[in-house]
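J.: This structure is in structure tokens; I'll ask about it shortly.
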Amino acid sequence: MGFDRIAVGLGIAAACLFGNASCGDNVQGTNCGEGTLEFEGECRPTDAICGAGTVFDEDIGLCLPGPIDCVRGTVADGNHCIPDGSVICDDGTTFNASSGRCQSDIAACGMGTVLDGVTCVSLDDAIAASHEEEPEPNDDDGLAGSLDVPNLTGNRTIYGCIQPIDIDGNGTIDIDRDSYRLTANGPSLVDISVDGIGGLSGAFVIRATSGALLDDGWSRTGLNLVSDTSRRQVFLPAAGEYLLDIVDGRSLLVPEPVGSTDTCYLASIRNIVLPTATSVDAIATGTLGTGVHLLSFGAQSDGDIVQDLVALGAPTSAASLAMVHMRAGRYAGGVQGGSSVADTTPGLLSTSNLLIVVEPEFNYSLDPVPFEYTLNHLPSEELVSGSATSVPVGDALGLEMAWTPVAKGDVVRLRIDDPDISVFSLDRRLVRETQLCAGCANSEFFYQATETGLLYLGISHTSALGSFDVVIDRLSQTPLPLAVDSQLSDLPLGPDGLGFLETVQEALAWTSLNGTPTNFVGDLQAQRYPRTSGFLDAEVSPIESLVLAPGSPRLHISDALEENLWRVSDSAFDGTADSESLELSLSSVSFADLLPTSTTPIELTAIAIAGGEVQRYLLRASPGEEVELMVSPIDAIDLSIRQLSEFESVVVLEDSGAVGELELVQIVMPESGQMPLSVQTATEAGSYDLSAAIVATP
């Protein structure tokens, strides 16, 4: 149905209502016969004026959507017929949308053959495919298999069967979907096909499993409800793991199990060449099919913001849109779901090129599905340190925005002194997240950057009209690296009395951080943060805050690779930072790792210990488990078992045994699953045995 036909109907109706035209028999002033309407000076049948799928309503004089007749295998969806999954055409046939029947098709794979993504192959060759489904259950965590996206122009095939069973034992047959882990080593365009065997309507859903793609709900579906084969292109926006679910397509339409012992499939994944992108500066059009549409936009100035929207020409239940933004070969955001989707992408430089991928989230329509893409770009203002930046009020996003460049790894200090201004952090789509200051009188905040790019701020003014000035003091600091078993000597603090350090610790490490301040007025304060983008304290909370006293090192145990940011400062800074300096050292601590299990206790024998020596152990077990730790002297020495705190102050766990007697303690493991311990003597030297065993639960 064309919008022009509807417009014609609306125009005629308006003319009749105002008495400016000769209308049909049932309208006052008629000159035309029944079932006709005066149009352009002629009496015409109403069917010739109203478009397909509409009828003329004589009571109101309008062309309105009317009931349409849909053939077998389809149902009405507005003024279109869409598949309902009741007719699935098998090998060698294709669906006739006019008759609702399967008709012979010499282009389709013939009886006894299946599509391997390139050609039709015999069923025997399909069974000998490169990957074969693992035994059930193999949905979600119980994977049916793992495979990599092939190299460019390469092909991977999978053979499996969809055989619904009662997986959870509740007496109800469950939908069977075979879940494969698909790993991509970078952005890729893949052609995926699933050809059903034995009556299966082959279909698939591929979805993200982690990172920004998972946060954005990224997923794509291949579905064909009139054939046993689904095939489409899918753009994988990033390296990483995806989950590919293969299923009977009818189970996607109606969540009920479909399949039998004979319903199988051959799936294919091909890595294909990306098409050339079409440059766009405002509007582009296209038709959703089985491929992708690539558009490109070149930013016009630093800080450009792209707002774009893609919409179907007419809504349909059989198609849903998806859009992805790529910047410098990396995923910059994506949206999907419905007849229109919109997104916002900030952070463009004048040299940036934005790649826009438009594709269906799903599309099983029998008719062409046109779409229109619309792009708007908004400039924004750069905040220049020490200078007044004029910020316009009320831009198209409803926010007053400004930006400043940031470099990966740096900490950027921003200071504003204006009681009429409030500042907000913004997420990657420029939505307000955190209020950094309300009435920013003498306010400062620190942003930790883990990527090089542009940091946007939302700024509001209590009373400004048109525009207002923002004066910001900006200082970017690169944290100094402090490696294990190294030191930083005479570390000067910045003009605000602050310094930043970066430490990296490998898995299962025990380190000691020691600080010696010079000319400090107060204490040496230290705060440890994870290496995560965001404003310190407001968005990135400190893992710990502590005071480092000379000769009292901070012990830290890591059981995985850790990257931390440290902020160090004088607790009573008086503005004389030029005279203050700091020496910091990070040392490794020797220890023995004790990791008993329920079946394998730890047994260490003849451990030599010097008089007065402290020997450190890290006891590890599951939180809540009870561990029996015993030290047995071999020589006449007096041993003690001690728990170490973060500053290596001690809590004596057991020292009841006399010289030459064993020490035994039962320890309930804390939530961390770690307990740092020491074994030591007073003055005697000798040796001892140590055992650690999980206490069996009664």
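The values are calculated or read from the model by the stated rules, or taken from the named source; none is laboratory data. Computed from a predicted structure; not experimentally measured. As a convention, Cβ positions derive from the backbone with ideal geometry for all residues, glycine included, and neighbour counts pool all protein chains shown. Heads up: the accessible areas ignore ligands, DNA and RNA and are worked out on the full protein's heavy atoms, side chains in. Shrake-Rupley method; radii C 1.70, N 1.55, O 1.52, S 1.80 Å.
J.: If Cys440 satisfies every condition in (1) open to solvent by less than 10 Å² (accessible area, probe 1.4 Å); (2) in contact (Cβ under 8 Å) with a residue 40 or more places away in the chain; (3) not hydroxyl-bearing (Ser, Thr, Tyr) but one, which is the exception?
T.: Of the numbered conditions (1) open to solvent by less than 10 Å² (accessible area, probe 1.4 Å); (2) in contact (Cβ under 8 Å) with a residue 40 or more places away in the chain; (3) not hydroxyl-bearing (Ser, Thr, Tyr), the odd one out for Cys440 is (2).
J.: A follow-up question, please. If Phe591 satisfies every condition in (1) open to solvent by 40 Å² or more (accessible area, probe 1.4 Å); (2) at pLDDT 90 or above; (3) hydrophobic (A, V, I, L, M, F, W, C); (4) under 30 Å from Leu457 (Cα atoms) but one, which is the exception?
T.: Against the list (1) open to solvent by 40 Å² or more (accessible area, probe 1.4 Å); (2) at pLDDT 90 or above; (3) hydrophobic (A, V, I, L, M, F, W, C); (4) under 30 Å from Leu457 (Cα atoms), Phe591 comes up short only on (4).
J.: Additional query: So which of Ser486, Ser545 is of a type in the set (S, T, N, Q), under 30 Å from Asp427 (Cβ atoms) and at pLDDT 90 or above?
T.: Working: Ser486 fails: under 30 Å from Asp427 (Cβ atoms).
The unique qualifying residue is Ser545.
J.: Quick test for you: out of Asp593, Asp655, Asp635, pick the one residue that is in contact (Cβ under 8 Å) with a residue 12 or more places away in the chain, among the acidic types (Asp, Glu) and closer than 22 Å to Asp559 by Cα. Give the derivation first.
T.: Numbers: Asp655 fails: closer than 22 Å to Asp559 by Cα; Asp635 fails: closer than 22 Å to Asp559 by Cα.
Only one candidate qualifies: Asp593.
J.: Another question about this same structure. So which residues in segment 497-506 are assigned to a loop (DSSP other than H, G, I, E, B) and either open to solvent by 20 Å² or more (accessible area, probe 1.4 Å) or of a type in the set (Val, Ile, Thr) (or both)? Please lay out each step first, then the result.
T.: Quick first cut of segment 497-506, residues assigned to a loop (DSSP other than H, G, I, E, B) only: 497, 506.
The answer is Glu506, and nothing else.
J.: Given the conditions (1) at negative phi; (2) surrounded by fewer than 17 Cβ atoms within 10 Å (Cβ to Cβ), which single one is not true for Ala509?
T.: Every listed condition holds for Ala509 apart from (2).
J.: Right, here's the next one. Could you pull out every one of the strands (runs of 3 or more DSSP E) wholly within segment 80-147 that has 1 or more residues that are open to solvent by 60 Å² or more (accessible area, probe 1.4 Å) and more than 15 Å from Ala267 (Cα to Cα)? Spell out how you get there, then give the answer.
T.: Working: elements: 80-83, 93-96, 101-104, 113-115, 120-122.
Result: 80-83, 101-104.
J.: Give me the strands (runs of 3 or more DSSP E) completely within segment 512-600, filtered to those with at least 3 residues that are of a type outside the set (Gly, Ala, Ser) and either touching a Pro at 6+ places or on another chain (Cβ under 8 Å) or more than 30 Å from Val627 (Cβ to Cβ) (or both), ordered by residue number.
T.: Per the criteria, 524-530, 562-570, 581-588.
J.: Of the numbered conditions (1) open to solvent by less than 40 Å² (accessible area, probe 1.4 Å); (2) over 24 Å from Ser201 (Cβ atoms); (3) within 26 Å of the chain's Cα centre (by Cα), Val280 fails exactly one; give the number of that condition.
T.: Of everything listed in (1) open to solvent by less than 40 Å² (accessible area, probe 1.4 Å); (2) over 24 Å from Ser201 (Cβ atoms); (3) within 26 Å of the chain's Cα centre (by Cα), Val280 misses just condition (3).
J.: When segment 300-334 is examined, which residues are found to be within 20 Å of Ser188 (Cβ to Cβ) and in a strand (DSSP E or B)? It would help to see each step written out before you state the result.
T.: Restricting attention to segment 300-334, the residues satisfying the condition of being within 20 Å of Ser188 (Cβ to Cβ) are 322-334.
Within segment 300-334, Ala322, Met323, Val324, His325, Met326, Arg327, Arg330, Tyr331, Ala332, Gly333, Gly334 qualify.
J.: Mind checking which pairs have a first residue in segment 246-257 that is closer than 14 Å to Phe204 by Cβ and a second that is in a loop (DSSP other than H, G, I, E, B) and among the basic types (Lys, Arg), Cβ under 8 Å, 6 or more apart or different chains?
T.: As it stands, the answer is Ile246/Arg177; Val247/Arg177; Ser251/Arg177, since those pairs meet every condition given.
J.: Got a number for residues in segment 97-116 being among the small types (Gly, Ala, Ser), modelled with pLDDT of 85 or more and under 23 Å from Ile162 (Cα atoms)?
T.: Matching residues across segment 97-116 total 2.
J.: Checking His293 against (1) surrounded by fewer than 17 Cβ atoms within 10 Å (Cβ to Cβ); (2) in contact (Cβ under 8 Å) with a residue 24 or more places away in the chain, only one condition comes out false. Which one?
T.: Of everything listed in (1) surrounded by fewer than 17 Cβ atoms within 10 Å (Cβ to Cβ); (2) in contact (Cβ under 8 Å) with a residue 24 or more places away in the chain, His293 misses just condition (1).
J.: May I pose another question? Please find, within segment 181-227, the residue that is modelled with the lowest pLDDT out of those that are charged (D, E, K, R) and open to solvent by less than 10 Å² (accessible area, probe 1.4 Å). Full working, then the answer.
T.: Here is the first cut: in segment 181-227, the ones charged (D, E, K, R) are 181, 191, 195, 207, 215-216, 220.
Next, from what is left, pick out any that are open to solvent by less than 10 Å² (accessible area, probe 1.4 Å): 195, 220.
On the way: Asp195: 94, Arg220: 97.
Looking at residues that are charged (D, E, K, R) and open to solvent by less than 10 Å² (accessible area, probe 1.4 Å), I get Asp195.
J.: Continuing with this model, one more query. Please work out if Glu583 is surrounded by 14 or more Cβ atoms within 10 Å (Cβ to Cβ), modelled with pLDDT under 95 and among the acidic types (Asp, Glu). Talk me through it step by step, then tell me what you get.
T.: On the way: surrounded by 14 or more Cβ atoms within 10 Å (Cβ to Cβ): yes; modelled with pLDDT under 95: yes; among the acidic types (Asp, Glu): yes.
It is true that Glu583 is surrounded by 14 or more Cβ atoms within 10 Å (Cβ to Cβ), modelled with pLDDT under 95 and among the acidic types (Asp, Glu).
J.: Now for a different question. Using the structure shown, decide if Thr172 is loosely packed, with under 12 Cβ neighbours inside 10 Å and closer than 30 Å to Ala328 by Cα.
T.: Working: loosely packed, with under 12 Cβ neighbours inside 10 Å: yes; closer than 30 Å to Ala328 by Cα: no.
So Thr172 does not fit the description; no.
J.: Hey, another quick one. Where in segment 149-265 are the strands (runs of 3 or more DSSP E), entirely inside, with at least 3 residues that are touching a Phe, Trp or Tyr at 6+ places or on another chain (Cβ under 7 Å)? Before you say what the answer is, go through the steps one by one.
T.: Values: elements: 155-161, 178-184, 188-197, 202-208, 219-222, 229-236, 240-248.
Passing ranges, in order: 188-197, 202-208, 240-248.
J.: Let me ask something additional. For segment 316-330, state whether one or more residues are more than 23 Å from the chain's Cα centre (by Cα), within 30 Å of Ile175 (Cβ to Cβ) and of a type in the set (Ser, Thr, Tyr).
T.: First, pick out the residues of segment 316-330 that are more than 23 Å from the chain's Cα centre (by Cα): 316-319.
Retained after the next criterion (residues that are within 30 Å of Ile175 (Cβ to Cβ)): 316-319.
Subsequent filtering for residues that are of a type in the set (Ser, Thr, Tyr) retains 316-317.
There is at least one residue in segment 316-330 that is more than 23 Å from the chain's Cα centre (by Cα), within 30 Å of Ile175 (Cβ to Cβ) and of a type in the set (Ser, Thr, Tyr).
J.: State whether one or more residues within segment 438-460 are in contact with a helix residue (DSSP H, G or I) (Cβ under 7 Å, 6 or more places away or on another chain) and at pLDDT below 90. Spell out the reasoning first.
T.: Step one: of segment 438-460, the residues in contact with a helix residue (DSSP H, G or I) (Cβ under 7 Å, 6 or more places away or on another chain) are none.
No, segment 438-460 has no match at all.
J.: Looking only at segment 668-690, filter to residues that are within 22 Å of Val627 (Cα to Cα) and charged (D, E, K, R); which one of those is surrounded by the most Cβ atoms within 10 Å (Cβ to Cβ)?
T.: Only one residue tops the list, namely Asp689.
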